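I have placed the structure first, in the form of structure tokens, so that the comments after it can refer back to it.
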Amino acid sequence: MNSSTRNWLRADFPWHLSMPTRWIDNDRYGHMNNAVYYSVFENAVMTWLEIENGLDPNTGSVRCFTAENGCQYHDAARYPDDLSVGLRISKLGNSSVRYELGIFINDSPNVRATGFIVDVFVDAASEKPVRIPDEYRQAMASLLISE
């Protein structure tokens, strides 16, 4: 995501997860701590994979390992904001997927942070990369964007 050249909107993300901020999420400056943004991103991706699409990291045949991630901060979020985390997929490879995320607060149309996560699907036993199973690949197609 090259957020410096575009103002991302909620509509740019086909799936959203709502979550409240917590008082403990703030740093001593009264903003959501940088590390919390990464936690919010991971929570959105794992909620989509596990709850929306049935990935079982405990007994399933595949797992997802994060190979790379990043975040750009555009404006602060803080407690007691309500977050809406948008999710989309910009690249779907053989064993890897690149998720792109946007954090919005309350009813504001302006993105507060944008980020990405690259996950690699691995065999649960060997932890070696494997082809993304068809059931996840089909679900991911609904989030795949082209630009």
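The values are calculated or read from the model by the stated rules, or taken from the named source; none is laboratory data. Fair warning: this is a prediction, and the values are worked out from it, not measured in the lab. Here Cβ is always computed from backbone atoms with ideal geometry, including for glycine, and neighbour counts include all displayed protein chains.
Any chance you could count how many residues in region 51-82 are among the polar types (S, T, N, Q), at pLDDT 95 or above and touching an Asp or Glu at 6+ places or on another chain (Cβ under 9 Å)?
Result for region 51-82: 2.
How do the pairs read when you match residues in region 27-56 that are within 19 Å of Gly70 (Cβ to Cβ) with residues anywhere that are in a loop (DSSP other than H, G, I, E, B) and hydroxyl-bearing (Ser, Thr, Tyr), using Cβ under 7 Å and keeping only pairs 6 or more apart or on different chains?
If the second residue must be in a loop (DSSP other than H, G, I, E, B) and hydroxyl-bearing (Ser, Thr, Tyr), the pairs left are Met32/Thr21.
Applying the selection to region 90-106, what residues are of a type in the set (A, V, I, L, M) and crowded, with 19+ Cβ neighbours inside 10 Å?
Val97, Leu101, Ile103, Ile105
Find the residue count for region 107-132, including only residues that are out of contact with any Leu (no Cβ under 9 Å at 6 or more places or on another chain) and either surrounded by 11 or more Cβ atoms within 10 Å (Cβ to Cβ) or not hydrophobic (A, V, I, L, M, F, W, C) (or both).
Summing the residues that are out of contact with any Leu (no Cβ under 9 Å at 6 or more places or on another chain) and either surrounded by 11 or more Cβ atoms within 10 Å (Cβ to Cβ) or not hydrophobic (A, V, I, L, M, F, W, C) (or both) in region 107-132 gives 14.
Can you list the strands (runs of 3 or more DSSP E) lying wholly within region 1-94 that have 3 or more residues being more than 13 Å from the chain's Cα centre (by Cα)?
62-73, 82-92
Quick check: anything in region 99-109 without any contact (Cβ under 8 Å) to a residue 24 or more places away in the chain and farther than 30 Å from Arg22 by Cα?
The answer is no; no qualifying residue exists.
Return the pair list, or none, for Cβ contacts closer than 6 Å from residues in region 121-147 that are aliphatic (A, V, I, L, M) and part of a helix (DSSP H, G or I) to residues that are at pLDDT below 95 and surrounded by 12 or more Cβ atoms within 10 Å (Cβ to Cβ), at least 6 apart or on different chains.
Short answer, once both residue conditions are applied: Ala139/Asn53.
What are the residues in region 14-26 that are surrounded by fewer than 13 Cβ atoms within 10 Å (Cβ to Cβ) and either among the hydroxyl-bearing types (Ser, Thr, Tyr) or in contact (Cβ under 8 Å) with a residue 60 or more places away in the chain (or both), if any?
Within region 14-26, Ser18, Pro20 meet the criteria.
Given the conditions (1) under 19 Å from Leu144 (Cα atoms); (2) surrounded by fewer than 18 Cβ atoms within 10 Å (Cβ to Cβ), which single one is not true for Val45?
(2)
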